[in-house]
Amino acid sequence: MRRDEGSVLSYITDTKGRVRHITLIDPDKQSPQTASDRACVAVEAGTSMIFVGGSTDTPDEIVHATCVAIQEGLELRAFAASQSPDGDELRWQIPVVLFPGGSHALSPAADAITFMMLMNSTDRRFLVGEQLRGAPYLDKFGVDALPTGYLVCHPGGKVGEVGSADLLMPNDVELVKAYSLTAVMFGFKLLYLEAGSGADNQVSPDLIKSARTTDGLTIIVGGGIRTAAQAKLAVESGADWVVTGTLTEDATNLNDLKNKIAEICSALSE
Ligand code: 1GP
């Protein structure tokens, strides 16, 4: 957590010209302890934020246990760093943010939530319905809601199907421009361009460039990014944050994970 340094929203939007990396951890895909170990290794390799979520049907208890384990892991590392002359305590004080598939996947142990409108969904549930159900819990938990426009782009994967997305095609540059203007007019601060978890193709650079021309949005790009070259392409097109998820699940062990994330993170700062 980094509350003492200001809100999670300002941590995300105050980019200082850097592009940063998010590790997405799907609580459905490993035990809470493994999730915590993976998150800590990711931070060591250069990740600046942890997202928890992804699957559409993970129960609250699993999401919560995963958030608690990750927070404890990061706190222990922050404490260890504070005790060492060369330790960088701040590096470990990063937000753990819910990236929910719906109103069921919430936890008071998170620092914030991407409170999203799936803007190109044709289903009211993903435009406002799930949000309506989740809002009273978030209010009670005191978890910061990050106003986020979420756009699912081709190929879209499972989130495209489940979210009934009218997928943005690689040449829909005018449409993505209109969506990004709409996002600003709604007061959204973040715009997440998503190709779908495990996608064969990342979000089209043209779509990212088009969204980038709208002022006032911090742009998050994810889906199908596994290599440094793909991350670089997203950066050159205008992403402020690059998300990887499947890469973490596919890593053969923690050392492999560390190397893969370090490669992506170094491509972001080139
Ligand atoms: C999915 O954008 C994220 O919501 C990450 O996608 O799993 O393909 O990295 P990957």
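With both partners inside the chain, how many of the DSSP beta bridges are antiparallel, as a percent to the nearest 5?
5
What number comes out for the charge environment of A45, summing +1 per Lys or Arg and -1 per Asp or Glu over other residues with Cβ under 12 Å away?
Summing Lys and Arg as +1 and Asp and Glu as -1 gives +1.
Could you pull out which residues in region 193-211 have an amide N less than 18 Å from a spot 7 Å beyond the Cα of D123, following the Cα-Cβ vector?
It comes to 194-197, nothing else.
Any idea how far apart K158 and E72 come out in nm if each label point goes 7 Å out from Cα toward Cβ?
About 2.6 nm, to one decimal.
What is the helix-to-structure angle for 60-82, meaning the angle in degrees between its Cα long axis and the longest Cα principal axis of the chain, kept from 0 to 90 and rounded to the nearest 10?
With both axes taken from Cα atoms, the answer is about 50 degrees.
With a 1.4 Å probe and all protein chains left in place, how much accessible area per residue does the chain have, in Å²?
Ligands and nucleic acids excluded, the result is 43 Å² per residue.
Relative to the longest principal axis of the chain, what angle (0 to 90°, nearest 10) does the C-alpha long axis of helix 173-186 take?
Here the helix axis deviates by roughly 70 degrees.
Quick query: amide H of T218 versus all other amide H atoms, modeled in the peptide plane; which residues come in under 5 Å with a sequence gap of 5 or more or a different chain?
Excluding prolines and chain starts, which carry no amide H, the hits are L190, L191.
For labels at A80 and T13 in the simple 7 Å Cα→Cβ model, what's the distance in nm?
3.5
What does the charge add up to near S197, with Lys and Arg as +1, Asp and Glu as -1, over the other residues with Cβ less than 13 Å from its Cβ?
Here the charged neighbours net out to -4.
Which percent of the Cα-Cα distances in region 129-270 go past 18 Å?
59
Going down the table (K140/K258; K232/K258; K16/K177; K189/K232; K189/K260; K29/K140), which pairs top 26 Å between alpha carbons?
In this structure, K140/K258; K189/K260; K29/K140 lie more than 26 Å apart at Cα.
Given C-alpha coordinates of region 1-90, what is the ratio Rg to Rh with the Kirkwood estimate of Rh?
Using only Cα positions, Rg/Rh for region 1-90 is 0.98.
Ignoring ligands, DNA and RNA, what percent of the 1.4 Å accessible area of region 8-263 is carbon and sulfur?
It is 53 percent, rounded to a whole number.
For region 8-263, compute Rg over Rh where Rg is the Cα radius of gyration and Rh is the Kirkwood radius from the inverse mean 1/r over Cα pairs.
Here Rg/Rh amounts to 0.94.
Give me the number: length gained by fully extending D256 to T213, i.e. 0.36 nm times residue separation minus the C-alpha to C-alpha distance, one decimal in nm.
11.8 nm
Go ahead and run the numbers for FRET between M169 and R226, Cβ-Cβ distance against an R0 of 25 Å, rounding to 0.05.
0.70
The values are calculated or read from the model by the stated rules, or taken from the named source; none is laboratory data. No experiment lies behind these values; they were computed from the predicted model shown. Please note: Cβ atoms are built from the backbone with ideal geometry, for glycine as well, and neighbour counts cover all protein chains shown. Areas reflect the complete protein model, heavy atoms only, side chains present, ligands, DNA and RNA absent. Shrake-Rupley method; radii C 1.70, N 1.55, O 1.52, S 1.80 Å.
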